[in-house]
1. If I ignore ligands, DNA and RNA and count only protein heavy atoms, how much of Met281 is accessible to a 1.4 Å probe, in Å² to the nearest 10?
2. R0 = 45 Å: FRET efficiency of Glu141 with Gln30, Cβ-based, nearest 0.05?
3. What is the gain in length, in nm to one decimal, between Thr96 and Ala131 on full extension, counting 0.36 nm per residue of separation less the C-alpha to C-alpha distance?
4. Quick one: 3J(HN,Hα) in Hz for the range 127-137, Karplus 6.51/-1.76/1.60 with θ = phi - 60°, rounded, Gly and Pro as x.
5. Using a 1.4 Å probe on the protein chains only, how many percent of the accessible area of the range 170-293 belongs to carbon and sulfur?
6. For the range 88-236, report the accessible area per residue in Å² (1.4 Å probe, heavy atoms, rounded to an integer).
7. Sorting check: for 87-99, 150-162, which peptide has the highest mean count of neighbouring beta carbons within 10 Å, and how do the rest follow?
8. Treat each spin label as a single point 7 Å out from the Cα along the C-beta direction, and report the Asp255 to Lys229 distance in nm.
Amino acid sequence: MLPAKSLPAKAPASASATASVSAPAFASRQAALAALPPLMLWVWERPDDIRSWLANSARSSKSSEAGDAAGADLQAQRIGVAVLDTTVLLRDGSATVRRRQQPLRLPPEWYAAGNLQPKAPVVPIVHIDMARTPHKPALNERQKQTIVRAIAAAAKRSPSQVVQLDFDVAHSQKPFLADVIQRSRIALPDNVALSITAQASWCVGDAWLADLPVDEVVPMAFRMSGDVKRTQEILIHDGRFPRPECQPSLGLSLDEQPWPDKLRSQRLYLFNRAAWSATPMASWSVRLGAFLP
């Protein structure tokens, strides 16, 4: 997880201390995933301050017992963050792991004793970056094992007990991704949810995601490839992707407008080319509210 108040510009080993808890905050990965807020901000590799978006975002909740007041407040958040935690660069036959380098400011009330509290709505992302020709990755066993270890390590830093894999592959590379997901599920504790991002085309006519052991699929309805016109027509007409595994969550980008009016999602992940600290929430609050439960 992220350290107290912010990540340093260069993260030493001690900069990602994990929460000290005697027992997991959530007994199951289903409970962990269900506790995430309906709006998740994707935070990429840049200095940022999310506090203005998160201020006053907590939904009203019933009073709780004093012993669980902090956890109840965190679960009342209407906005959470999915933060780039680790990048794995695949190049030729090698795999290089790089942790987040840029500072990120989060609400101080999300912290306790210098660490993010259990149940804080923060999801670490493991992003896979593949070099291009002439250094196209071999997609070998060593690279596969490195990715799985990175996912397992990020999960240990996750206060939400959810970890997200962002791995964009070509059609011929799907078996490699599928095996990475299978192995990651085995490597993760049973009470940690595995979320993955997905190309929009994977959620239209391709059923290959249905049998993968993932808890959440986030189709990215922006920067689409393939039959973009057909996909756009489906979203305009139906407001969701045809594949059922792709319907509960949705990924959109602020810089691709307008969004289809019928779009609906239980959970929305939002991408922003600019820093969130430079994007006023007031101009988006009404528009975003139309997509959320």
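The values are calculated or read from the model by the stated rules, or taken from the named source; none is laboratory data. Quick caveat, the model's predicted, so the values are computed rather than measured. Virtual Cβ from ideal backbone geometry, glycine too; neighbours counted across all protein chains shown. When the accessible area is computed, the model is the full protein with side chains, heavy atoms only, and any ligands, DNA or RNA have been set aside. Shrake-Rupley method; radii C 1.70, N 1.55, O 1.52, S 1.80 Å.
1. 60
2. E between Glu141 and Gln30, to the nearest 0.05, is 0.90.
3. 11.5 nm
4. With the stated coefficients, the range 127-137 comes to 9, 9, 10, 10, 5, 9, 3, x, 10, 3, x Hz.
5. 55
6. 42
7. Answer by packing, highest mean first, reads 150-162, 87-99.
8. Label at Asp255, label at Lys229, 2.6 nm between them.
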